[in-house]
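Read-outs: derived from the displayed coordinates by stated rules, not from any lab. Since the model is a prediction, treat every value here as computed from it, not as a measurement. Because the Cβ atoms are built from the backbone with ideal geometry, glycine has one as well, and the counts that use them run over all protein chains shown.
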Amino acid sequence: MKINIIKENNIEIAVTQSNEILITDVQSALDFMATLKYETGCDRIILNKSAICEDFFNLRTKLAGEILQKFVTYHVKLAIVGDFSQYTSESLKDFIYECNKGKDIFFLANEKQAVEKLSMR
């Protein structure tokens, strides 16, 4: 895993890049969050969609809700970056839409959009 720190509007954002899946369950998500917070001090994270297991995007598994609840509970803002058009589930589309209206979790097309969202106060 490679971590870059971007500073925008006096807010530090950890941009992570990985060729492997980093989040497969709730525990791996907690470990990922704790590692990033410890190593960077950042409470705003950008993560590529490819670093999250596919079960996350199947809402029937309840994995997305459980994992994202941990990020909200621990006050860590997360932007997941990638192409979500491959998913046909209306429930997932609604879930993404609702997340993007909030202030903590975002599903965005690219890193630039993620930095814009996460650097807002």
Fill in: Any chance A29 is closer than 24 Å to M1 by Cα and either surrounded by 20 or more Cβ atoms within 10 Å (Cβ to Cβ) or in contact (Cβ under 8 Å) with a residue 60 or more places away in the chain (or both)
yes
Practice prompt. May I ask you to say which residue of K7, K49 is surrounded by 15 or more Cβ atoms within 10 Å (Cβ to Cβ), basic (K, R) and either within 15 Å of I96 (Cα to Cα) or over 14 Å from the mean Cα position of the chain (by Cα) (or both)?
Written response: K49
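Can you say whether N4 is free of Cβ contacts under 8 Å to residues at least 24 places away in the same chain, more than 23 Å from T73 (Cβ to Cβ) and among the polar types (S, T, N, Q), as far as the supplied structure shows?
Working: free of Cβ contacts under 8 Å to residues at least 24 places away in the same chain: yes; more than 23 Å from T73 (Cβ to Cβ): yes; among the polar types (S, T, N, Q): yes.
Considered against the rule, which asks whether it is free of Cβ contacts under 8 Å to residues at least 24 places away in the same chain, more than 23 Å from T73 (Cβ to Cβ) and among the polar types (S, T, N, Q), N4 comes out as yes.
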Worksheet item: Do we find that F107 is of a type in the set (A, V, I, L, M, F, W, C) and part of a helix (DSSP H, G or I) in this structure?
Response: no
Worksheet item: Got a number for residues in the stretch 1-49 being of a type outside the set (S, T, Y) and part of a strand (DSSP E or B)?
Response: 19
Worksheet item: Residue check: is F95 in a helix (DSSP H, G or I), surrounded by fewer than 20 Cβ atoms within 10 Å (Cβ to Cβ) and aromatic (F, W, Y)?
Response: yes
Worksheet, complete the sentence: S50 fails exactly one of (1) touching a Gly at 6+ places or on another chain (Cβ under 9 Å); (2) closer than 17 Å to V115 by Cβ, namely (2)
Worksheet item: Taking the stretch 62-78 only, how many residues are in contact with a helix residue (DSSP H, G or I) (Cβ under 7 Å, 6 or more places away or on another chain), surrounded by 14 or more Cβ atoms within 10 Å (Cβ to Cβ) and part of a helix (DSSP H, G or I)?
Response: 5
